[in-house]
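A short worksheet on the structure shown next.
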Amino acid sequence: MSLIDAYCVDTITILRWNGQTSWGEPESGTEIAVKGYVDWKTRLVRDSKGEQVMSAVMVYLPLKIERSGYLGRKLMHEDRIWLPDESFDRAIIEIRRPKDFSHAHLEVYLA
């Protein structure tokens, strides 16, 4: 067990992006429930286009979610995230992979 696992107390659902239909609509994705930590704090971050936007929430996720038992690939901006006690999914603005070897994790900034 890594150090980040001790802080992962929130159940977070990742809606895995499975591509698009011939009409350009997103395919229905697979729901994957993982443990993470939700940090409700407003931050200024850069989106995938390089523009500065406000993020109201950041989620810490253990790097192990990218293994075959979970996503089976790296987390992508097209994936969506449902937070506890919310009835809608959130878009991913930025995904950071800090260079900390003691407890590998992802910092995911959401809209």
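Listed here are the residues, each with its yes/no results for (1) more than 21 Å from ALA111 (Cα to Cα); (2) of a type in the set (Lys, Arg); (3) in a loop (DSSP other than H, G, I, E, B); (4) in contact (Cβ under 8 Å) with a residue 60 or more places away in the chain.
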{"position": "LEU44", "(1), (2), (3), (4)": "no, no, no, no"}
{"position": "TYR60", "(1), (2), (3), (4)": "no, no, no, no"}
{"position": "GLY72", "(1), (2), (3), (4)": "yes, no, yes, no"}
{"position": "PRO84", "(1), (2), (3), (4)": "no, no, yes, yes"}
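Once the stretch 40-61 is narrowed to residues that are surrounded by fewer than 19 Cβ atoms within 10 Å (Cβ to Cβ) and of a type in the set (Gly, Ala, Ser), the residue that is farthest from ARG97 (Cα to Cα) is ALA56. Residues in the stretch 62-93 that are in contact with a His (Cβ under 9 Å, 6 or more places away or on another chain) and either exposed (fewer than 12 other Cβ atoms within 10 Å of the Cβ) or under 22 Å from GLY19 (Cβ atoms) (or both): ALA91, ILE92, ILE93. From the list ILE32, ILE14, which residue is buried (at least 16 other Cβ atoms within 10 Å of the Cβ) and either over 11 Å from the mean Cα position of the chain (by Cα) or free of Cβ contacts under 8 Å to residues at least 40 places away in the same chain (or both)? Exactly one of ILE32, ILE14 is buried (at least 16 other Cβ atoms within 10 Å of the Cβ) and either over 11 Å from the mean Cα position of the chain (by Cα) or free of Cβ contacts under 8 Å to residues at least 40 places away in the same chain (or both), namely ILE32. Filtered by the rule that a residue be in contact with a Leu (Cβ under 8 Å, 6 or more places away or on another chain), at pLDDT 90 or above and in a loop (DSSP other than H, G, I, E, B), the stretch 86-111 gives a lone residue, ARG97.
The values are calculated or read from the model by the stated rules, or taken from the named source; none is laboratory data. Note that the structure is a prediction, hence the values are computed from the model and not measured. Cβ sites come from the backbone with ideal geometry, for glycine too, and all protein chains shown count toward neighbours.
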